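Working notes for the structure below.
The values are calculated or read from the model by the stated rules, or taken from the named source; none is laboratory data. Predicted model, so just to flag it, every value in this text is computed and none were measured. Please note: Cβ atoms are built from the backbone with ideal geometry, for glycine as well, and neighbour counts cover all protein chains shown. With ligands, DNA and RNA removed, areas are computed over all heavy atoms of the protein, side chains included. Shrake-Rupley method; radii C 1.70, N 1.55, O 1.52, S 1.80 Å.
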Amino acid sequence: SINLNAPITVTGAGTLSLTYNNQLGGSNTAGNLNFLSGNISFTNVISGITQGALSINAQPYTLVNSVNQLATNATNTPSGFYALANNYNAFSDGIYASAPISHLDGTFNGLGNAISNLVISSSDQNVGLFGQVGSTGQILNLGLLGGSVTGLATGGDIDFSSLVNVGALVGHNLGRITNVYATGSVSATGNYSLVGGLIGLNNGGTITNSYASGTVLGVMPITATGGLVGANLQEGNSTNSYATGAVSGGISGGLVGVNNNSLISNSYATGAITGGAFVGGLSGANFSGTISDSYATGTVIGGDYTYVGGLVGFNDFGLITGSYATGTVTGGDGAFVGALVGFTTP
């Protein structure tokens, strides 16, 4: 691996070339490019074009220095390789009425840089910095500081093809998210929404070493809201990740709203959770999913006739191992309330 313990600044027009072993096989163990402290920045910009060049494992990357520049490149070549050349303040961009980057099948590496003050307010189905990330897409080493993302669409019937997916980073993720964080607020104003502090819908994708700290708000009772992910479906994977923001909605979890046939491992949530259906400190509902070596510490509050648990509100044929909860748990009249799980099927 390459571990960066201090910033790297490229001031001229040369090439920064990084090479590490990323191949598995035999006795080899794949390495990574790890941003432990600091970032990589290319400071020489002429007429809006970043000078210099970046190569990672012999793969050239297109350097971008704004959200709009990334959007233009990714629209033309969704499967390309892109890197954020510097920290970027999106305040002057105004309010985006749709996801700036509608689709990504390639790679976007933030190089340890952050995009700050991004504001999106959209009635589209997939809302976030990226509307959708495909199964071959990946986003790495990026921060989203402040700002807000709001989904305005009402949504159709309770059908995944018509649900509104809202996340600070990605509305609908099928790819790989690694070393990414978001601190802004995320919300949806209509029913039938999946709302997460980082990802709205993680549909078979992988989330690793990532976190969200902003508040997440959905409409009760028909939304799934999570501090990190609204819904984790189709063998989605959330590992070594956490959320600290307050969460409110219908099916609400401190980390994940709904965990369906998917994995949560080595993760935690600390935010206060309020919900109107299934409410859990870590996950509102766990349908045939696995939760391992994880915990929740936030207060959990459910209304009348709800399922409320310190870790999981409703556990339906799900497996929970090596996990715990310490938060205060409260439910209304007729609610199923448990310090760890509100209700579990046999």
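Assigning unit charges at the beta carbon (Lys, Arg +1; Asp, Glu -1) and nothing else, what dipole magnitude in debye, to the nearest 20, does the chain show about its Cα centre? Provide the component values of the computation, followed by the final result.
Numbers: 1 positive and 10 negative charges, 129 e Å.
Rounded to the nearest 20 debye, it is 620 debye.
In terms of overall dimensions, the C-alpha atoms belonging to the range 190-333 reach 36, 32, 28 Å along their principal axes, ordered largest to smallest. Beta-bridge orientation, the chain: approximately 5 percent antiparallel, per DSSP, counting only bridges with both partners inside.
When the alpha carbon gyration tensor of the range 233-302 is reduced to an equivalent ellipsoid, the three semi-axes, largest first, read 18, 14, 8 Å. Highest mean packing first, where packing is the average number of other Cβ atoms within 10 Å per residue, the peptides 31-42, 208-219, 11-22 line up as 208-219, 31-42, 11-22.
Sorting the segments 116-128, 45-57 by their mean number of nearby beta carbons within 10 angstrom, highest to lowest, gives 116-128, 45-57.
Report, to two decimal places, the Cα Rg of the range 91-208 normalised by 2.2 N^0.38 Å (N = number of residues).
Numbers: Rg = 12.9 Å, N = 118, 2.2 N^0.38 = 13.5 Å.
Against the compact-globule rule of thumb, the ratio is 0.95.
Give me the angle, in degrees from 0 to 90, between the Cα long axis of helix 67-76 and the longest principal axis of the Cα atoms of the chain, rounded to the nearest 10. The angle comes out near 80 degrees.
For the chain, build the convex hull from the C-alpha positions and give me its volume per residue in Å³. Don't skip to the answer; put the middle values down first.
Numbers: hull volume 43.3 nm³, N = 346.
Cα-based convex hull of the chain, divided per residue, equals 125 Å³.
The fraction of Cα-Cα pairs per 10 angstrom bin, counted from 0 for the range 21-159, comes to 11, 37, 33, 13, 5, 0 percent, rounded to whole percents.
Within the accessible area of the chain, what % is carbon and sulfur when the probe is 1.4 Å and the other protein chains stay in place?
Details: 6730 of 13020 Å².
Within the chain, the accessible surface is 52 percent carbon and sulfur.
Taking 0.36 nm per residue of separation and subtracting the current Cα-Cα distance, fully stretching the chain between SER288 and LEU36 would add 87.2 nm.
When 1/r is averaged over all different Cα pairs and the result inverted, which Kirkwood radius in Å belongs to the range 94-163?
Values: mean 1/r = 0.0760 Å⁻¹.
One over the average 1/r among Cα pairs gives 13.1 Å for the range 94-163.
Using the average count of surrounding beta-carbon atoms within 10 Å as a protection proxy, the listed peptides 324-330, 141-147 rank, highest first, as 141-147, 324-330.
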